[in-house]
1. Only one of (1) under 19 Å from A:S64 (Cβ atoms); (2) surrounded by fewer than 18 Cβ atoms within 10 Å (Cβ to Cβ); (3) more than 9 Å from chain A (Cβ to nearest Cβ) fails for B:L55. Which number is that?
2. Give B:T105, B:T140, B:T161 a once-over and let me know the one that is within 14 Å of chain A (Cβ to nearest Cβ) and either β-branched (V, I, T) or in contact with a strand residue (DSSP E or B) (Cβ under 7 Å, 6 or more places away or on another chain) (or both).
3. For B:L136, state whether it is buried (at least 16 other Cβ atoms within 10 Å of the Cβ), of a type in the set (A, V, I, L, M, F, W, C), out of contact with any His (no Cβ under 7 Å at 6 or more places or on another chain) and at pLDDT 95 or above.
4. Here is a list: A:V190, A:V220, A:V207. Which entry is under 12 Å from the mean Cα position of the chain (by Cα), away from the ligand (no atom under 11 Å from the Cβ) and surrounded by fewer than 20 Cβ atoms within 10 Å (Cβ to Cβ)?
5. Can you tell me which residues in the stretch B:20-52 are away from every other protein chain (no Cβ under 14 Å), assigned to a strand (DSSP E or B) and farther than 19 Å from B:S118 by Cβ?
6. Considering only the stretch A:164-171, I want to know if a residue exists there that is within 28 Å of B:G81 (Cβ to Cβ), within 14 Å of the ligand (Cβ to nearest atom), out of contact with any His (no Cβ under 8 Å at 6 or more places or on another chain) and touching a residue at least 24 places away in the same chain (Cβ under 8 Å).
7. Go through A:E91, A:E113, A:E62 for me and flag whichever is within 16 Å of the ligand (Cβ to nearest atom) and either in contact with a strand residue (DSSP E or B) (Cβ under 6 Å, 6 or more places away or on another chain) or open to solvent by 10 Å² or more (accessible area, probe 1.4 Å) (or both).
8. Please determine whether any residue of the stretch A:148-160 is within 16 Å of the ligand (Cβ to nearest atom) and within 12 Å of another protein chain (Cβ to nearest Cβ).
Amino acid sequence: MPLTQADISAEISQAREAYLKAVAAGDPVRDHPARDYAPYRSSVLRHPKQPLVSVGDPEAVELSGPVFGVTDVTALDHDLTRQHVGEPHGERITVTGRVLDRAGRPVRGQLVEIWQANASGRYAHQRDDHAAPLDPNFTGVGRCLTNDDGEYQFVTIKPGAYPWRNHVNAWRPAHIHFSLFGTAFTQRLVTQMYFPGDPLLPYDPIVQSVTDDAARQRLVATYDHGLSRPEWSLGYRWDIVLDGPAATWIEEGR
Amino acid sequence: MSLSPTPSQTVGPFYGYALPFPDGENVAPAGHPEMITVHGVVHDGAGAPVPDALLEFWQPGVDGSRRGVAGSLRRDPVTGGFLGRNGLDFTGFGRVATDADGHYTLRTLPPVGVGYLSVTVFARGLMRQLHTRAYLREQTDIAADPLLSSLAPGRQATLLTTREQDKIHRFDIRLQEDGVHEETVFLEFP
Ligand SMILES: [Fe+3]
């Protein structure tokens, strides 16, 4: 029998309730999704079963990380609406925010990469066979470096929802994929930004893999009318906090 | 102050036109006489190759420094395309997606000051990246390394490359034990 949304939704609420019970019994709050989150079926064969091995070595190479500079981005990379001859279809938006470490310090001069579907919910990827139109004026890839305040900014269009094959009638809520670097390789973060009020959020096992309600809320951007530009674009704000070993929070930021 | 971190989410299946870049796997300056090749296959818990994994590598500079050098994904401001690395600087950062056979190839220089390359694994189905290390067997003193020496021999072997030929090293990654092979040791940094 094919899996239905009802089957997946039942698994989602079971996982959330089990988590809440564990926290009530004294388990730590879990900010990140468990790697073995069965409602997202692709995780089943792709998570380690052994516990992670802890490396406490203060000389570990992973406590430093790669650096990026002005040669790694071009001036237009942050504007996904200007990478082609014409304008893309869709609702023009700006997405901005600060990248901070857990000590609240700005993460400066680091690379932020994004990718997303077009306004119809189609990726410019050969393996995306969703029956929605490609947009010749939209690729959906952007990059920028954070400034001295840790700020990033992108101009893009609001991506559409799209179907996927986790279960029957599975639809991903609109989202923008983000990839971020901190000052340590251990701070590396790949995540997804969602839009406030999206009716698909409760149904999506990828969003719901974050079983902590407050943590999951941190994946949703805020609509900020002050960022909207008259007769041009709507503004969203999304701040990002990079996790990382305690050792990196107490070092001098760069 | 301690802020709560932004949760991780899977890289998904469609990063392929966004994250990989030309020369991502060519960390060593072209033609460098000490260049080594590290290659292998990423497997899942059924033993099947993972054709949509993204691997990243990080290692110290040629002087052993940990500061890194920019220029891994040098862009062309004229065309908006990629220029590739400048052929001189060693940035220490590599990124390569597995191919349809789950295979990757990295060309780099032997790490200086340590025996290992730091590796992160991203993939569809993987909610958060995994960290591991590829220790070059011939430049690793197993007994002196606190991580390797703490592991049972079978698990220890998952972190060690196998020398195939001079300067060619094999390093497979197993996201989950498959009933036959050990699962790769994955790391956390408290
Ligand atoms: Fe997506």
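1. (2)
2. Matching residue, one of B:T105, B:T140, B:T161: B:T140.
3. So B:L136 fails the test.
4. Result: A:V220 is the single residue among A:V190, A:V220, A:V207 that is under 12 Å from the mean Cα position of the chain (by Cα), away from the ligand (no atom under 11 Å from the Cβ) and surrounded by fewer than 20 Cβ atoms within 10 Å (Cβ to Cβ).
5. If the condition is that a residue be away from every other protein chain (no Cβ under 14 Å), assigned to a strand (DSSP E or B) and farther than 19 Å from B:S118 by Cβ, then B:V41 is the only one that fits.
6. Within the stretch A:164-171 (the criterion being within 28 Å of B:G81 (Cβ to Cβ), within 14 Å of the ligand (Cβ to nearest atom), out of contact with any His (no Cβ under 8 Å at 6 or more places or on another chain) and touching a residue at least 24 places away in the same chain (Cβ under 8 Å)), the answer is no, since none of the residues qualifies.
7. A:E113
8. Within the stretch A:148-160, one or more residues are within 16 Å of the ligand (Cβ to nearest atom) and within 12 Å of another protein chain (Cβ to nearest Cβ).
The values are calculated or read from the model by the stated rules, or taken from the named source; none is laboratory data. Worth saying up front: this structure is predicted, and the values here are computed from it rather than measured. Don't worry about glycine lacking a Cβ; one is built from the backbone with ideal geometry, like all the others, and counts go over all protein chains shown. Accessible surface areas use protein heavy atoms only, side chains included; no ligands, DNA or RNA. Shrake-Rupley method; radii C 1.70, N 1.55, O 1.52, S 1.80 Å.
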